[in-house]
Structure formats: structure tokens, C-alpha cells
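Enquirer: One structure, as C-alpha cells, below. Some questions next.
The values are calculated or read from the model by the stated rules, or taken from the named source; none is laboratory data. No experiment lies behind these values; they were computed from the predicted model shown. A quick note on method: Cβ atoms are made from the backbone with ideal geometry, for glycine too, and the neighbour counts reach across all protein chains shown. Areas reflect the complete protein model, heavy atoms only, side chains present, ligands, DNA and RNA absent. Shrake-Rupley method; radii C 1.70, N 1.55, O 1.52, S 1.80 Å.
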Amino acid sequence: GVAIDLQNDEGRALALRVAGTADVVIEAFRPGVAARLGVGYDAVRAVNPGVIYCSLTGYGQHGPRAAWVGHDLNFEAVTGLLDRTQRRHDGGPPVLGATVADGAGGGMHAVIAVLAALLGRERTGEGCHLDVATTDGVLWLMAVQLEQHLDAGLDDGPVRLLSGDFACYRTYACRDGKWLSVGALEHRFWRALCNAVDLPDLVDEHEIDARQPALIEALERKFRERDRDE
């Protein structure tokens, strides 16, 4: 690792010398800042024509939100992810338990883009400038929510399956205060679960909306009869 002061000529020269030997350069300034500091795509390409230069921002290099600042929570909010996640106890949108936007929306999509660009360079010999917007990445993670929106506009709240409303996809408290996660989406897994906890009469009620509260209550009682590791 090396710390470089990009606000003086010596630092800029050092940064460009390092970038001149790199396969990939990633910067996460707001749009235009890297160029003003003398280490933007054009400057790096001049010393390294084949460079894969990835600009990772919250809202992309262009558009009405390009200059906005933000953190993980903001990116999750503007995409609608928070609105489509189970509400907190007072009815407000939650703060998620992981940095979904930063890690999966931004970082993961940047990696995918860089790898694709490296493959493209192997075939063409040309580098490129990648514009990766974290909010775009979050939106692509919302496949289930997008499907609901496109399916006759069924987007009036959190996805019920992902909000604990279905007995087959939920967490349950056990006798010892520990918790068990249940993901019995497919009917054969639901049947195996019902048989394992001695509730065979529930097998055929797997996907009946009106029966979900009763199914949840029945499973809650069963799981509270034993410790988690049993």
C-alpha cells in the first residue's frame, strides 16, 4: 500500500507512474473529481492505453443525481429496496443488517464489470472506462420486486415471501431461546418439514394465503417444544 497526495505535482506524477503499470484502476470519487486531480481516465489512458478504468459512484457519471453524495442506506432508499423490505415496529422503513448497496450493489457489480472488461481486452486489445453506479446494482438485485412490479403492478408493499408472512420461509424461536431458519419453499421440502415435526395435516396448505397465520402458529408451537440443536 502507498499513500499519495494527489493535490501536488509530485503525488500526481507518482500516481500516474503506478497506474501506468496496472491492469485495472478503480476510483470512487464523485464525477469529475479524479479528472480535476489529474488522474482521470484520459490521463491514465495516456500512460496506459490498455487500462481498465472503473469509476464507482453512487449514482453514475451522468444524470440529475450524479453529483449527489450518499452512503449505503441512501442508495437502498432511492432504489425502493427499503420500501420493499419488512417494516420496523413503528411502520418505518428498516435499516438493513448488511451493507447491501455498497458490497453487492456497488462492489460486486464493479468486479463483474472489471472481469468482463479484462476478457474483452484479451480479445480486442483495448481498455475501457467503466461507469458503475451503486444504485443501478441495487436495482438489479431486486429481481423479485421487479417481477411483481411488471406483473400487473403488484408492488404495493414488501414482498410477502421475503417479509416472514409465509410459514415455509421464516425464522422460528426454539425452547432454548435460539432461532431456526426455515426455507421450505418447494412442496417436497414443505412436506418433509411437516412430517419431521409431526404436522402431516398441514402439507396441502403450503401456499394457501388465508392459512398462513395458522400454519405459522402451529410451527411456532412445535419449535418451542425443543432446543434448536435437537
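Enquirer: Only four residue types carry charge here, +1 at the Cβ of Lys and Arg and -1 at the Cβ of Asp and Glu. Report the dipole size of the chain about the Cα centre in Debye, rounded to the nearest 20.
Expert: Approximately 440 debye in magnitude.
Enquirer: Let me ask something else. Excluding ligands and nucleic acids, what accessible area in Å² is computed for Glu126 using a 1.4 Å probe, to the nearest 10?
Expert: We get 130 Å² for Glu126.
Enquirer: With a cap of 16 neighbouring Cβ atoms within 10 Å, and only residues DSSP puts in a loop, list the trypsin sites (Lys or Arg not before Pro) found in the stretch 101-203.
Expert: When the trypsin sites (Lys or Arg not before Pro) of the stretch 101-203 are filtered for loop state and at most 16 Cβ neighbours within 10 Å, Arg175, Lys178 remain.
Enquirer: Please calculate how many Å² of accessible area the chain carries per residue, with a 1.4 Å probe and no DNA, RNA or ligand atoms counted.
Expert: I get 61 Å² per residue for this part.
Enquirer: Of the heavy-atom accessible surface of the chain (probe 1.4 angstrom), what whole percent is carbon and sulfur?
Expert: It is 54 percent, rounded to a whole number.
Enquirer: Simple spin-label model, 7 Å along Cα-to-Cβ: Thr171 to Val2 in nm?
Expert: The two pseudo-label positions are separated by 4.6 nm.
Enquirer: Here's another thing I want to ask about it. What is the calculated FRET efficiency for His71 to Leu37, with r their C-beta to C-beta distance and R₀ = 25 Å, to the nearest 0.05?
Expert: Given R0 = 25 Å and the Cβ-Cβ separation, E is 0.65.
Enquirer: Once the principal axes of the Cα atoms of the chain are found, what is the range along each, listed largest first in whole angstroms?
Expert: 74, 35, 35
Enquirer: Can you give the FRET efficiency to the nearest 0.05 for Leu162 and Leu16, using r as the Cβ-Cβ distance and R₀ = 41 Å?
Expert: The pair Leu162/Leu16 has a calculated efficiency of 0.30.
Enquirer: Quick one, what does Rg over Rh come out to for the stretch 171-230 if you take C-alpha atoms and the Kirkwood Rh?
Expert: In the stretch 171-230, Rg relative to Rh is 0.95.
Enquirer: Go ahead and estimate [θ] at 222 nm for the chain from helices alone: -39,500 (n - 2.57) per DSSP H run with n ≥ 4, summed, over the residue count, rounded to 500.
Expert: Helices in the chain give a 222 nm mean residue ellipticity of -10500 deg cm²/dmol.
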